[in-house]
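In what follows, a single structure is set out as C-alpha coordinates and then discussed.
The values are calculated or read from the model by the stated rules, or taken from the named source; none is laboratory data. Only a predicted model underlies this, so the values are computations on that prediction, with no experimental measurement involved. All Cβ positions, even for glycine, are placed from backbone atoms using ideal geometry, and neighbour counts span all protein chains on display. Accessible surface is based on the protein model in full, side chains and every heavy atom, while ligands, DNA and RNA are left aside. Shrake-Rupley method; radii C 1.70, N 1.55, O 1.52, S 1.80 Å.
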Amino acid sequence: AGTGAALSAAANEFEPFQIVIDGEATGATGVSASVSDLVGPGGAVIPAAGIMLYREGLYEVAVPSNSEGAAGPWPDPLVPGVDAYFFETRNAFPFDVPAGELRAVWVEVFVPPGTPAGEYAGTVTVSGGDLAETAVDVSLLVRGFELPSTATLKSAFGVRWNVCAAHLGSYEACGDAGIEDYLVLYGRAALDHRVSLEAVIYYGPDGADWSRFDSRYAPLLDGTAPTRLAGARQTTIRMMGDDSELQAWHDHFEAEGWLDRLFDYTCDE
(Lines give C-alpha, C1' and ligand atoms only; values in the text may rest on other atoms or scores of the structure.)
Protein backbone atom coordinates (compact mmCIF):
# COMPACT_ATOMS: atom_id res chain seq x y z
CA ALA A 1 0.00 0.00 0.00
CA GLY A 2 2.97 2.34 0.47
CA THR A 3 4.21 4.58 -2.30
CA GLY A 4 7.83 4.72 -1.19
CA ALA A 5 10.47 3.21 1.07
CA ALA A 6 11.79 5.10 4.12
CA LEU A 7 14.94 3.56 5.61
CA SER A 8 17.61 4.32 8.17
CA ALA A 9 21.03 2.70 8.51
CA ALA A 10 24.50 3.23 9.88
CA ALA A 11 27.54 3.37 7.64
CA ASN A 12 28.83 -0.12 6.76
CA GLU A 13 25.33 -1.56 7.17
CA PHE A 14 22.97 -3.41 4.82
CA GLU A 15 19.33 -2.29 4.90
CA PRO A 16 16.71 -4.08 2.74
CA PHE A 17 13.12 -3.47 1.71
CA GLN A 18 10.63 -5.17 -0.61
CA ILE A 19 8.60 -4.00 -3.58
CA VAL A 20 5.53 -6.16 -4.18
CA ILE A 21 3.93 -6.47 -7.62
CA ASP A 22 0.24 -7.44 -7.66
CA GLY A 23 -0.81 -9.54 -10.64
CA GLU A 24 -4.41 -8.40 -10.14
CA ALA A 25 -6.91 -9.79 -12.66
CA THR A 26 -4.76 -10.15 -15.76
CA GLY A 27 -1.24 -10.76 -14.46
CA ALA A 28 1.95 -9.04 -15.55
CA THR A 29 4.73 -10.24 -17.84
CA GLY A 30 8.36 -9.24 -18.37
CA VAL A 31 8.75 -7.43 -15.03
CA SER A 32 12.16 -5.86 -14.36
CA ALA A 33 13.61 -3.41 -11.87
CA SER A 34 16.45 -0.91 -11.86
CA VAL A 35 17.85 1.42 -9.21
CA SER A 36 19.43 4.88 -9.20
CA ASP A 37 22.21 6.29 -7.06
CA LEU A 38 21.08 7.64 -3.69
CA VAL A 39 22.19 11.27 -3.44
CA GLY A 40 22.70 12.97 -0.11
CA PRO A 41 24.16 16.03 1.60
CA GLY A 42 26.73 18.02 -0.35
CA GLY A 43 26.35 15.73 -3.35
CA ALA A 44 27.50 12.63 -1.44
CA VAL A 45 26.47 9.46 -3.28
CA ILE A 46 25.61 5.89 -2.32
CA PRO A 47 26.23 4.27 -5.72
CA ALA A 48 23.65 2.12 -7.44
CA ALA A 49 26.38 -0.48 -8.00
CA GLY A 50 26.27 -1.25 -4.27
CA ILE A 51 22.49 -1.70 -4.20
CA MET A 52 21.51 -5.30 -4.92
CA LEU A 53 18.24 -6.22 -6.62
CA TYR A 54 16.87 -9.74 -6.17
CA ARG A 55 13.84 -11.64 -7.39
CA GLU A 56 12.21 -13.41 -4.47
CA GLY A 57 11.76 -17.03 -5.47
CA LEU A 58 9.10 -19.36 -4.09
CA TYR A 59 9.23 -22.99 -3.08
CA GLU A 60 6.18 -25.18 -2.68
CA VAL A 61 5.61 -26.78 0.72
CA ALA A 62 3.66 -30.02 0.41
CA VAL A 63 3.90 -31.17 4.04
CA PRO A 64 4.53 -28.54 6.75
CA SER A 65 7.41 -29.34 9.11
CA ASN A 66 5.52 -28.18 12.22
CA SER A 67 2.59 -26.11 13.46
CA GLU A 68 4.26 -22.87 12.37
CA GLY A 69 4.31 -23.92 8.73
CA ALA A 70 1.61 -24.23 6.11
CA ALA A 71 1.24 -25.91 2.76
CA GLY A 72 1.67 -23.74 -0.31
CA PRO A 73 4.25 -21.36 -1.77
CA TRP A 74 6.79 -19.72 0.56
CA PRO A 75 9.28 -17.00 -0.38
CA ASP A 76 12.84 -18.04 0.42
CA PRO A 77 15.55 -17.96 -2.29
CA LEU A 78 16.84 -14.57 -3.39
CA VAL A 79 17.98 -14.64 -7.03
CA PRO A 80 20.30 -11.69 -7.71
CA GLY A 81 20.15 -9.54 -10.82
CA VAL A 82 23.97 -9.54 -10.71
CA ASP A 83 25.63 -11.75 -8.10
CA ALA A 84 28.04 -10.39 -5.52
CA TYR A 85 30.78 -13.01 -6.02
CA PHE A 86 31.41 -13.43 -9.75
CA PHE A 87 29.54 -10.26 -10.89
CA GLU A 88 27.60 -12.26 -13.47
CA THR A 89 24.03 -11.60 -14.58
CA ARG A 90 21.65 -14.22 -13.18
CA ASN A 91 18.10 -15.19 -14.14
CA ALA A 92 16.30 -12.85 -11.74
CA PHE A 93 14.78 -10.55 -14.36
CA PRO A 94 12.49 -10.32 -16.21
CA PHE A 95 9.81 -12.40 -14.48
CA ASP A 96 6.06 -12.87 -14.76
CA VAL A 97 3.36 -12.37 -12.13
CA PRO A 98 0.38 -14.71 -12.54
CA ALA A 99 -3.11 -13.22 -12.31
CA GLY A 100 -4.36 -13.04 -8.74
CA GLU A 101 -0.89 -13.57 -7.25
CA LEU A 102 1.90 -11.45 -5.78
CA ARG A 103 5.62 -11.41 -6.51
CA ALA A 104 8.33 -9.37 -4.82
CA VAL A 105 11.64 -7.68 -5.55
CA TRP A 106 14.08 -7.57 -2.63
CA VAL A 107 16.20 -4.41 -2.60
CA GLU A 108 19.33 -4.45 -0.43
CA VAL A 109 21.04 -1.10 0.11
CA PHE A 110 24.66 -1.14 1.29
CA VAL A 111 25.86 2.06 2.96
CA PRO A 112 29.65 2.19 2.36
CA PRO A 113 32.04 2.97 5.21
CA GLY A 114 32.72 6.67 5.53
CA THR A 115 29.36 7.72 4.07
CA PRO A 116 28.46 11.16 5.48
CA ALA A 117 25.44 11.23 7.78
CA GLY A 118 22.23 12.76 6.47
CA GLU A 119 19.24 12.21 4.20
CA TYR A 120 19.71 10.42 0.85
CA ALA A 121 17.16 9.95 -1.92
CA GLY A 122 16.77 7.97 -5.13
CA THR A 123 14.36 5.65 -6.92
CA VAL A 124 13.77 2.04 -7.85
CA THR A 125 11.97 1.80 -11.19
CA VAL A 126 9.72 -1.18 -11.90
CA SER A 127 8.57 -1.84 -15.45
CA GLY A 128 7.19 -4.61 -17.63
CA GLY A 129 5.68 -5.42 -21.00
CA ASP A 130 2.14 -4.76 -19.81
CA LEU A 131 2.94 -2.97 -16.57
CA ALA A 132 2.94 0.80 -16.23
CA GLU A 133 6.44 2.02 -15.38
CA THR A 134 6.52 2.99 -11.72
CA ALA A 135 9.25 4.89 -9.89
CA VAL A 136 9.34 3.99 -6.20
CA ASP A 137 10.88 6.77 -4.12
CA VAL A 138 13.60 5.70 -1.69
CA SER A 139 14.64 7.88 1.25
CA LEU A 140 17.49 6.79 3.50
CA LEU A 141 18.65 8.41 6.72
CA VAL A 142 22.33 7.58 7.27
CA ARG A 143 23.14 7.69 10.97
CA GLY A 144 26.25 9.37 12.34
CA PHE A 145 28.16 6.21 13.24
CA GLU A 146 29.63 3.14 11.56
CA LEU A 147 29.21 -0.57 12.28
CA PRO A 148 32.29 -2.79 12.53
CA SER A 149 32.70 -5.35 9.74
CA THR A 150 33.27 -8.19 12.22
CA ALA A 151 30.59 -8.97 14.77
CA THR A 152 31.55 -8.58 18.42
CA LEU A 153 29.31 -11.58 19.19
CA LYS A 154 31.05 -14.82 18.25
CA SER A 155 29.13 -17.36 16.14
CA ALA A 156 29.86 -20.90 15.03
CA PHE A 157 27.40 -22.09 12.37
CA GLY A 158 27.91 -25.59 11.02
CA VAL A 159 28.62 -26.35 7.37
CA ARG A 160 29.76 -29.53 5.58
CA TRP A 161 31.06 -30.77 2.26
CA ASN A 162 27.48 -31.40 1.12
CA VAL A 163 27.02 -27.73 0.23
CA CYS A 164 28.98 -28.64 -2.91
CA ALA A 165 26.89 -31.77 -3.51
CA ALA A 166 23.78 -29.59 -3.25
CA HIS A 167 25.08 -27.59 -6.20
CA LEU A 168 26.61 -30.36 -8.32
CA GLY A 169 24.65 -33.44 -7.31
CA SER A 170 27.20 -35.67 -5.58
CA TYR A 171 30.52 -35.87 -3.77
CA GLU A 172 32.12 -37.33 -6.88
CA ALA A 173 31.02 -34.38 -9.00
CA CYS A 174 32.69 -31.98 -6.56
CA GLY A 175 36.06 -33.52 -5.83
CA ASP A 176 38.12 -32.36 -2.87
CA ALA A 177 39.22 -29.10 -4.53
CA GLY A 178 35.65 -28.29 -5.55
CA ILE A 179 34.38 -28.84 -2.03
CA GLU A 180 37.07 -26.53 -0.68
CA ASP A 181 36.16 -23.85 -3.23
CA TYR A 182 32.50 -23.96 -2.18
CA LEU A 183 33.29 -23.89 1.54
CA VAL A 184 35.51 -20.82 1.13
CA LEU A 185 32.82 -19.13 -0.97
CA TYR A 186 30.17 -19.87 1.65
CA GLY A 187 32.56 -18.58 4.30
CA ARG A 188 32.81 -15.28 2.43
CA ALA A 189 29.04 -15.07 2.06
CA ALA A 190 28.55 -15.69 5.77
CA LEU A 191 31.07 -13.00 6.74
CA ASP A 192 29.06 -10.49 4.68
CA HIS A 193 26.23 -11.23 7.11
CA ARG A 194 28.54 -11.02 10.16
CA VAL A 195 28.30 -14.79 10.69
CA SER A 196 31.17 -17.29 11.05
CA LEU A 197 30.99 -20.81 9.63
CA GLU A 198 33.02 -22.78 12.15
CA ALA A 199 33.72 -25.80 9.90
CA VAL A 200 34.66 -23.90 6.76
CA ILE A 201 38.04 -25.72 6.75
CA TYR A 202 38.13 -28.85 4.59
CA TYR A 203 41.89 -29.48 4.48
CA GLY A 204 44.15 -29.31 7.52
CA PRO A 205 47.93 -28.88 7.21
CA ASP A 206 50.08 -31.39 5.35
CA GLY A 207 52.11 -32.58 8.31
CA ALA A 208 54.15 -29.56 9.38
CA ASP A 209 53.45 -27.73 6.10
CA TRP A 210 50.80 -25.05 6.59
CA SER A 211 51.33 -23.34 3.21
CA ARG A 212 48.22 -24.74 1.49
CA PHE A 213 46.10 -24.14 4.57
CA ASP A 214 47.25 -20.54 4.89
CA SER A 215 46.78 -19.76 1.20
CA ARG A 216 43.14 -20.87 1.33
CA TYR A 217 41.94 -19.96 4.81
CA ALA A 218 44.16 -17.17 6.12
CA PRO A 219 42.12 -14.48 4.25
CA LEU A 220 38.97 -15.55 6.16
CA LEU A 221 40.88 -15.31 9.44
CA ASP A 222 42.92 -12.18 8.69
CA GLY A 223 40.08 -10.14 7.19
CA THR A 224 41.69 -10.00 3.73
CA ALA A 225 39.07 -12.06 1.85
CA PRO A 226 37.18 -10.14 -0.90
CA THR A 227 34.11 -9.60 1.26
CA ARG A 228 31.68 -6.72 0.76
CA LEU A 229 32.25 -5.85 4.43
CA ALA A 230 35.88 -4.77 4.25
CA GLY A 231 38.05 -6.52 6.79
CA ALA A 232 35.38 -8.98 7.96
CA ARG A 233 36.98 -12.00 9.62
CA GLN A 234 36.03 -15.27 11.27
CA THR A 235 35.18 -15.06 14.98
CA THR A 236 35.54 -18.85 15.40
CA ILE A 237 37.15 -21.78 13.61
CA ARG A 238 36.99 -25.46 14.52
CA MET A 239 40.16 -27.52 14.66
CA MET A 240 40.27 -30.37 12.15
CA GLY A 241 42.32 -33.44 13.06
CA ASP A 242 42.97 -35.78 15.97
CA ASP A 243 44.45 -35.33 19.43
CA SER A 244 48.03 -35.73 18.20
CA GLU A 245 47.68 -32.53 16.17
CA LEU A 246 46.34 -30.28 18.94
CA GLN A 247 49.72 -28.79 19.81
CA ALA A 248 50.58 -28.05 16.17
CA TRP A 249 47.26 -26.26 15.63
CA HIS A 250 47.69 -24.33 18.87
CA ASP A 251 51.21 -23.21 17.99
CA HIS A 252 50.43 -22.20 14.40
CA PHE A 253 47.30 -20.28 15.35
CA GLU A 254 49.14 -18.56 18.19
CA ALA A 255 51.93 -17.51 15.81
CA GLU A 256 49.43 -16.14 13.28
CA GLY A 257 47.35 -14.28 15.90
CA TRP A 258 44.28 -16.49 15.44
CA LEU A 259 44.35 -18.44 18.70
CA ASP A 260 41.41 -16.57 20.25
CA ARG A 261 39.18 -18.08 17.54
CA LEU A 262 40.33 -21.72 17.58
CA PHE A 263 38.26 -24.33 19.41
CA ASP A 264 37.99 -28.11 19.56
CA TYR A 265 34.59 -29.75 19.17
CA THR A 266 35.46 -32.78 21.28
CA CYS A 267 32.24 -34.79 21.22
CA ASP A 268 28.92 -34.81 19.40
CA GLU A 269 26.01 -35.42 21.80
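A Cβ-based charge dipole, computed about the Cα centre of the chain with Lys and Arg at +1 and Asp and Glu at -1, lands at about 620 debye. The dipole here belongs to segment 164-245: it is taken about the Cα centre, uses +1 on the Cβ of Lys and Arg and -1 on the Cβ of Asp and Glu, and is about 560 debye.
Here is the result for segment 103-206: no trypsin sites (Lys or Arg not before Pro) lie in DSSP coil with at most 10 other C-beta atoms within 10 angstrom of their C-beta. In the chain, taking the dipole from charged Cβ atoms about the Cα centre, the farthest positive-side position among Val31, Ile179, Ala44 is held by Ala44.
Note on the chain: dipole from Cβ charges, positive end direction compared against Met240, Val111, Leu197; the farthest Cα belongs to Val111.
Between the Cα long axis of helix 246-256 and the first principal axis of the chain there is an angle of about 60°, rounded to the nearest 10.
Let me have the 222 nm mean residue ellipticity of the chain computed from DSSP H runs of 4+ only, each contributing -39500 (n - 2.57), with the sum over all residues rounded to the nearest 500. My calculation for the chain gives -6000 deg cm²/dmol from helical runs alone. Counting only protein heavy atoms and a 1.4 Å probe, tell me what percentage of the chain's accessible area is made up of carbon and sulfur. Exposed carbon and sulfur together represent 54 percent of the surface. For the chain, Cys267 have no disulfide-compatible partner, since no other Cys C-beta lies under 4.7 Å from theirs. In a DSSP loop and with at most 15 other Cβ atoms within 10 Å, the GluC sites (Glu not before Pro) in segment 5-78 are Glu24, Glu68.
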